[in-house]
Amino acid sequence: MSAENPALSLEQRKSRRTLLLVAAVCLAPFIGSFTLYYLWQPSGRINYGELIEGVTVPSGALAAVGDAKPFDFQQVRGRWAFVTIDSGACDDYCNNKLWKIRQVRLTQGKYPERIERVWLLSDTQAVAPTLVKEYEGTWLAGAQGHAILQHFPHREAQRDHIFLVDPLGNVVLRYPKDADPSRMKKDISRLLRVSRIG
C-alpha cells in the first residue's frame, strides 16, 4: 500500500476550495433573489390604486343609453379604460368622478387616445343631455341588474370608486373614494410608459 502524497492532497484541497468558491459566487444571486422574493415584503408600493387580480370583464352587449348604440367592453379592448359605476341621476360626487377621469385622460399629452372612459349606469334614471355633452367621448351603458357588475369588486360600494381596466379586459386597479387625480395620473402615466399593449 503506497503512502499518500501530501503535495497531491494539498492540491486537491485547493482545487476543491476554488470550485466551492466559484459555485458560491454563481449561486449567491439566485439564493438572494429567492430569499428576498419569499421572505421580504416591502412596506411601500408604487401604485396609488389598490391592485385587483384575477378579474376579467366579460364581453357582451349592455343596454343602450339614449340615442347611443348598445355598448360592449369589446369596443374598448386594446386600450386602457377608466370605469365608473353610478346612477344616471349623477349627483355631485358622480360628476366629480367623471371630471377626474376626463382630466386625467387629458393630461396624457400625446397618449390620450390610449385611454377610454366608461360610465356604467347602475339604474334606469335618464342622464341629463347637458352631462352627456360635457363628458362627450365617455361610453355610456345601462348595467342595472346585469351580471357585469359582479366583475367589479366591492359590490356594495362600487359607486365610491373609479376602476381601471387594462387593454386585455382585466380590472387591475381600484381607486379610493375621493381619489387624488394627480396620483391617478402618475399611475396611468407609468402604465402607458411601460405597457407594450394598449
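The values are calculated or read from the model by the stated rules, or taken from the named source; none is laboratory data. Since the structure is predicted, the reported quantities are computational estimates derived from the model, not experimental observations. Cβ coordinates were reconstructed from backbone atoms using ideal geometry, including for glycine residues, and neighbour counts include every protein chain displayed.
The residue pairs whose first member lies in region 177-198 and is in the same structural domain as Asp166 (by TED's automatic domain parsing) and of a type in the set (Val, Ile, Thr), whose second member is assigned to a helix (DSSP H, G or I) and buried (at least 17 other Cβ atoms within 10 Å of the Cβ), and whose beta carbons are closer than 7 Å, counting only pairs six or more residues apart or on different chains, are Ile188/Val104. Looking at region 170-196, which of the residues that are hydroxyl-bearing (Ser, Thr, Tyr) and not in a helix (DSSP H, G or I) is modelled with the highest pLDDT? Only one residue tops the list, namely Tyr175.
Filter region 108-143 down to the residues that are of a type in the set (Val, Ile, Thr) and under 27 Å from Pro58 (Cβ atoms) and list them by number. Residues satisfying the conditions are Ile115, Val118, Thr124, Val127, Val132, Thr138.
Looking across region 69-81, the residues that are surrounded by 13 or more Cβ atoms within 10 Å (Cβ to Cβ) and either in a helix (DSSP H, G or I) or over 23 Å from the mean Cα position of the chain (by Cα) (or both) come down to Pro70, Phe73, Gln74, Gln75, Val76.
Would you be able to say whether some residue in region 82-92 is surrounded by fewer than 20 Cβ atoms within 10 Å (Cβ to Cβ) and either part of a helix (DSSP H, G or I) or under 20 Å from the mean Cα position of the chain (by Cα) (or both)? So far as region 82-92 goes, yes, one or more of its residues are surrounded by fewer than 20 Cβ atoms within 10 Å (Cβ to Cβ) and either part of a helix (DSSP H, G or I) or under 20 Å from the mean Cα position of the chain (by Cα) (or both). Filtered by the rule that a residue be exposed (fewer than 14 other Cβ atoms within 10 Å of the Cβ) and closer than 19 Å to Leu120 by Cα, region 97-110 gives Trp99, Gln103.
The residues listed here are Gly60, Gly66, Gly32; of these, the one that is farther than 20 Å from Arg117 by Cα and modelled with pLDDT under 95 is Gly32.
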